[in-house]
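Notes for the one structure printed next.
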Amino acid sequence: MVEIELATEAGAADRENEDFALVTPDAFVVLDGVTPGPNDPGCTHGVVWYVRQLGVRLLTEIIGSPGSGLDDCLAAAVQGTAGAHGGGCDLTVRATPQATVAAGRVVDGHFEYLVLADCTVVLELPDRLEVVTDDRVARTVRRMRKAAAALPEGTAERARAEARSAAAVEGLRNRRGGFWTAAADPAVAGEAVTGSVAVAQLRAVAAMSDGASRYVDLLRLGDWPDAMRLLASDGPGGLLARVRTAEASDPGRRRWQRGKVSDDATVVHAFWGGRPHD
């Protein structure tokens, strides 16, 4: 028997949650929509529409095509979503709606996973954790934002520096030497990190957007074993609550330098054979 828990929360009360997640007993998808910048995206639908369209198509492909790899499922979902835009959208614009992706599926006694960009999948095995993420996003953003983050919050100088770094990051999106997100080109699925592990070896799996994984990789509230113990004891909602408390204690982004005070955050937690650490 598998038990699955899910929590998601927008980063701010005055805007829609650009994360999206769906689960079945045998599969899940977690998507994190890329917040649009100031440039014209060439699309009238928006990021929220995009992540929901892509997420539904991806889960449908995953459960409907067990013989296909998860990367092939993602490629088909991206292509189908591109077609759903209709003729009124210019999908060649670099700022076209896009998302980061995590997905998992149980098939033929194995758990298969896929990660594209800065979503994270954590596999809890009897003797270790395996943390799967695509750190090309973090490396690119860290390099571009370092100078801006050192300037005083709320100043015009910092705003200009952030605008410059954001433009530089965008210039490396879906390009060699940069990082990759799901947008309109199905070929990007070939850049995803994929793998599998025997279900018999799994105790638990967690998948999350970067707004939740900042518990470990940005806020340093604990390491990954701590995060998995927290999920086991308090569930995904408990982990998100810890993240929000820390963020609220640092509204000026002084202690933790970050692009957003609070980001949309989503966690899917699945475990087999009873709650872990009981």
_Packing-based exposure ordering (other Cβ within 10 Å, fewest first) of 220, 57_ = 220, 57
_Isolated Cys residues of the chain, judged by Cβ distance under 4.7 Å to other cysteines_ = 73, 119
*Say a paramagnetic label sat at a point 7 Å from the Cα of residue 108, along Cα to Cβ; which residues of the range 23-45 have their backbone N under 20 Å from it?*
26-28
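For 269, 85, what's the fewest-to-most ordering of other Cβ within 10 Å of each Cβ? Can you show the working numbers first?
Working: 269 26, 85 20.
Final ranking by Cβ density, sparse to dense: 85, 269.
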*Tell me, rounded to the nearest percent, the portion of alpha carbon pairs in the chain spaced more than 23 Å apart.*
52 percent
_Separation of the residue 261 and residue 14 label points, Cα + 7 Å toward Cβ, nm_ = 1.0 nm
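Bear in mind that the values in this text are calculations on the coordinates, not laboratory data. Computed from a predicted structure; not experimentally measured. Every residue, glycine among them, receives a Cβ derived from its backbone with ideal geometry; neighbour counts consider all protein chains shown.
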